[in-house]
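Written out below as structure tokens is the structure these notes cover.
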Amino acid sequence: MHRTKLINDTDNVYSTPKEVGIPMIVITFCSIVISSIVLIVLLKTKKGNFFKWKVIDRFSGYTVICDILFYLSQTAYGTHDWLERFLNIEISKLECTIYGVFIMEFQLSQVILNTTTAIYAFNLVMRSRNMPLGKWDSYLLCPAFGIPLVLLTIAAFFDQFERNPVSCLLKEERGFLTSHFLQIGLLFLVSLVLITALYIIIMIYIIRQTTAMNASFGQQSAVNARRLALKLSLYVLIHVIQFGAGVVEAVWIAIEEPPIGVRYATVFIGATGGMMNGAVYLRVYKN
């Protein structure tokens, strides 16, 4: 069975208990199913050239594709981990690196996409300006997928991936200037603060406009404004839930070895992201 060492030099068998591993696989599979339904709805309801779709629909498309690829990577790792104890199919160093690159690539890409969506919404609502996205949305896609890919490829080249009790990710080290904390904890934290701040400003602006809209355009306009504020708050809440746990875990790892329950909770919360994102999109689409 695969053995490695915690960074406190104590031996640890990194094989997730089936009571945890099987539910994780089930949850990630459900997220894949929900995300796939959202993608099908998008493709069936939107006609014509993809790059002629509304920006928000293209953002939704990119996000749901990231969700599917991220959860496929997690499901593949979880299945390999589960089979390890029964078929003696050990996860090699190379396989762990590949899992780590794929898992982190689509996770970090989603963080960048969500942050860019918040900035775009802020410019649109507050300044009535559309951000230029370039041909084929290259100004969005190149940084969102390219930057994580370059950083993770460099990390893989310098053998910076290893197996931890729940996944294959960057090597865990103590301190706040480590590669693990900077690329996971700090990035997640900055995105949480920025997205929350921008959406709060947008919601305050919308709420303040509600009274004026009610007086000028009637009750229905005010109701629509409140609905928009509610939808924005749901996106903020999901991002905080999905990536907030990762920030807590990364800070904990930077200080000391976190309890195994914290690691399991972080994976479970992250695995539900596809279902939460899908539920919000389908609710918005229905309305």
For the subset of segment 17-31 comprising residues that are open to solvent by less than 20 Å² (accessible area, probe 1.4 Å) and at pLDDT 85 or above, which member is nearest to Ile260 (Cα to Cα)?
Thr28
May I ask you to verify whether Glu173 is of a type in the set (D, E, K, R), within 13 Å of Ile253 (Cβ to Cβ) and open to solvent by less than 60 Å² (accessible area, probe 1.4 Å)?
no
Within segment 246-261, track down each residue that is more than 17 Å from Leu170 (Cα to Cα) and under 18 Å from the mean Cα position of the chain (by Cα).
none
Output the residues belonging to segment 250-269 that are open to solvent by less than 50 Å² (accessible area, probe 1.4 Å) and free of Cβ contacts under 8 Å to residues at least 40 places away in the same chain.
Pro258, Gly261, Val262, Ala265
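Every residue, every condition in (1) closer than 17 Å to Ser60 by Cα; (2) at pLDDT below 90; (3) open to solvent by 80 Å² or more (accessible area, probe 1.4 Å), yes or no:
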site	(1), (2), (3)
Thr79	no, yes, no
Leu87	no, yes, yes
Thr97	no, no, no
Ser167	no, yes, no
Selection within segment 47-63 - modelled with pLDDT of 85 or more and of a type in the set (Ser, Thr, Tyr)
Tyr62, Thr63
Members of segment 154-182 that are of a type in the set (Ser, Thr, Tyr) and closer than 22 Å to His80 by Cβ:
Ser167
Condition first: under 16 Å from Glu105 (Cβ atoms), in contact with an Asp or Glu (Cβ under 7 Å, 6 or more places away or on another chain), modelled with pLDDT of 90 or more and open to solvent by less than 80 Å² (accessible area, probe 1.4 Å). Can you find one or more residues in segment 183-199 that meet it?
no
Scan of segment 41-60 for residues that are part of a helix (DSSP H, G or I), of a type in the set (Lys, Arg) and surrounded by fewer than 15 Cβ atoms within 10 Å (Cβ to Cβ), ordered by number:
Lys44, Lys52
Answer yes or no as to whether Thr63 is on the phi < 0 side of the Ramachandran plot, in contact (Cβ under 8 Å) with a residue 40 or more places away in the chain and either crowded, with 19+ Cβ neighbours inside 10 Å or touching a strand residue (DSSP E or B) at 6+ places or on another chain (Cβ under 9 Å) (or both).
yes
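A quick yes/no check of all residues on (1) in a helix (DSSP H, G or I); (2) open to solvent by less than 50 Å² (accessible area, probe 1.4 Å):
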| site | (1), (2) |
| --- | --- |
| Ser109 | yes, yes |
| Asn114 | yes, yes |
| Ile119 | yes, no |
| Leu124 | yes, no |
| Asn130 | no, no |
| Tyr139 | yes, no |
Check whether at least one residue in segment 141-159 is in contact (Cβ under 8 Å) with a residue 60 or more places away in the chain, of a type in the set (A, V, I, L, M, F, W, C) and closer than 20 Å to Thr117 by Cα, and report yes or no.
yes
Could you tell me whether any residue of segment 142-159 is surrounded by fewer than 19 Cβ atoms within 10 Å (Cβ to Cβ) and either modelled with pLDDT under 90 or in a loop (DSSP other than H, G, I, E, B) (or both)?
yes
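The values are calculated or read from the model by the stated rules, or taken from the named source; none is laboratory data. Computed from a predicted model, the values in this text were never measured in an experiment. Glycine also receives a Cβ, built like all others from the backbone with ideal geometry; neighbour counts cover every protein chain displayed. Just the protein is used for accessible areas: all its heavy atoms, side chains included, with ligands, DNA and RNA removed. Shrake-Rupley method; radii C 1.70, N 1.55, O 1.52, S 1.80 Å.
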